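Participant: Quick one: structure below, then a few questions.
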Amino acid sequence: MSQADLTFINMCRDIIDNGVWDTDCDVRPRWHDGTPAHTVKKFGVVNRYDLSKEFPLLTIKRTPFRSAVDELLWIWQKKSNNIHDLNSHIWDSWADETGSIGKAYGYQLAIKHKYKEGLFDQVDRVLYDLKHNPHSRRILTNIYNFQDLSEMHLYPCAYSMTFNTSGDTLNAILNQRSNDVLAANNWNVAQYAVLLIMMAQVSGLKPGTLMHVIADAHIYDRHVPIVEEMIKSPQFPAPKLIVNPDVKDFYKFTVDDFVLENYRYSPFNHKIEVAI
């Protein structure tokens, strides 16, 4: 069985059994029919994934891996904030008539900042430090830019990555202010596991631990019955991720450079409605 499955199941069980409901609150999110989208949540969830042992992809439900990688490359490699550069429709609800999601996500990563070594955007600074000063304790990104929040169509959920090397191993912490557990948890875990692996490969390091820190891990009211059914599904061994070893430039990776072997998963016949 997959350790990612066990981590996910335990987290969901804890949220449903011990979490706090916000049904007495006036909440912002709405379902498509206009009904308030309430949640049950746990504060301060921390999950760890050892990438040296397995790639953390759920088997109790299929995670659309190629689409997840495509979105990751859209944000971190293309540094785009326009859905016309994306091959899926997951951002359509937040895009304007031009396709822009405002000054969010990739837009923030592309902003150049002045350092003593020169001008770098956040991604290029990480790449520079991992090659020239890999044991620095200052290698991080942060896209929660307060001065631009009013011009973002959605505030960043996964907002910060901190990279840290131990010997020849690269580890990272993903900080997330809010996580829709059914719709987005494993999607985000898979994405940032891939990001860590990409950063490690182009920096001559080995991928190690991804720590996922979630301030507000929640399950929406309409998702609870689906989650209850899903976490009882059959489990399979984790798939193996094969990454093209010839890619040494972060900006040369494509979706096709990531291939899953032996990805078995339980059938999942529910359409997941996303609260807006």
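Participant: Look at segment 131-146 and say how many of its residues are among the basic types (Lys, Arg) and touching a helix residue (DSSP H, G or I) at 6+ places or on another chain (Cβ under 7 Å).
Facilitator: So the answer is 1.
Participant: Quick test for you: out of 258, 236, 253, pick the one residue that is open to solvent by less than 60 Å² (accessible area, probe 1.4 Å) and more than 16 Å from residue 65 (Cα to Cα). Working first, answer last.
Facilitator: Working: 258 fails: more than 16 Å from residue 65 (Cα to Cα); 253 fails: more than 16 Å from residue 65 (Cα to Cα).
Only one candidate passes the filter, namely 236.
Participant: Assess whether residue 178 counts as being free of Cβ contacts under 8 Å to residues at least 60 places away in the same chain, closer than 30 Å to residue 220 by Cβ and not acidic (Asp, Glu).
Facilitator: Details: free of Cβ contacts under 8 Å to residues at least 60 places away in the same chain: yes; closer than 30 Å to residue 220 by Cβ: yes; not acidic (Asp, Glu): yes.
In short, yes.
Participant: Having 1 or more residues that are closer than 21 Å to residue 171 by Cα, touching a residue at least 12 places away in the same chain (Cβ under 8 Å) and open to solvent by less than 40 Å² (accessible area, probe 1.4 Å) is the bar; report the strands (runs of 3 or more DSSP E) wholly within segment 1-120 that clear it.
Facilitator: Strands (runs of 3 or more DSSP E) meeting the threshold: 39-50.
Participant: Might you check whether a residue that is within 17 Å of residue 39 (Cβ to Cβ) and either open to solvent by less than 30 Å² (accessible area, probe 1.4 Å) or basic (Lys, Arg) (or both) occurs anywhere in segment 196-217?
Facilitator: yes
Participant: Does at least one position in segment 196-211 carry a residue that is touching a residue at least 12 places away in the same chain (Cβ under 8 Å) and closer than 20 Å to residue 13 by Cβ?
Facilitator: The answer is no; no qualifying residue exists.
Participant: Now for a separate question. Only one of 169, 141, 165 is touching a His at 6+ places or on another chain (Cβ under 6 Å) and modelled with pLDDT of 95 or more; which?
Facilitator: 165
Participant: What is the residue count in segment 243-260 for residues that are more than 24 Å from residue 86 (Cβ to Cβ) and under 21 Å from the mean Cα position of the chain (by Cα)?
Facilitator: Step one: list which residues in segment 243-260 are more than 24 Å from residue 86 (Cβ to Cβ), which gives 245-246, 248.
With under 21 Å from the mean Cα position of the chain (by Cα) added as a condition, the list becomes none.
The total comes to 0.
Participant: Are there any pairs, at least 6 apart or on different chains, whose C-beta atoms fall under 6 Å, with the first in segment 131-157 and touching a residue at least 60 places away in the same chain (Cβ under 8 Å) and the second surrounded by 14 or more Cβ atoms within 10 Å (Cβ to Cβ), and if so, which?
Facilitator: Pairs that qualify, where the first residue is touching a residue at least 60 places away in the same chain (Cβ under 8 Å) and the partner is surrounded by 14 or more Cβ atoms within 10 Å (Cβ to Cβ), are 131/203; 134/165; 154/94.
Participant: Right, next: Could you please give the count of residues in segment 127-143 that are open to solvent by 50 Å² or more (accessible area, probe 1.4 Å) and within 17 Å of residue 174 (Cα to Cα)?
Facilitator: 4
Participant: When you go through 159, 220, 155 one by one, which is the residue that is open to solvent by 10 Å² or more (accessible area, probe 1.4 Å), closer than 17 Å to residue 19 by Cβ and aromatic (Phe, Trp, Tyr)?
Facilitator: 220
The values are calculated or read from the model by the stated rules, or taken from the named source; none is laboratory data. From a predicted model like this one, the values you see are computed outputs, not experimental measurements. Backbone-built Cβ (ideal geometry, glycine too); neighbour counts: all protein chains shown. With ligands, DNA and RNA removed, areas are computed over all heavy atoms of the protein, side chains included. Shrake-Rupley method; radii C 1.70, N 1.55, O 1.52, S 1.80 Å.
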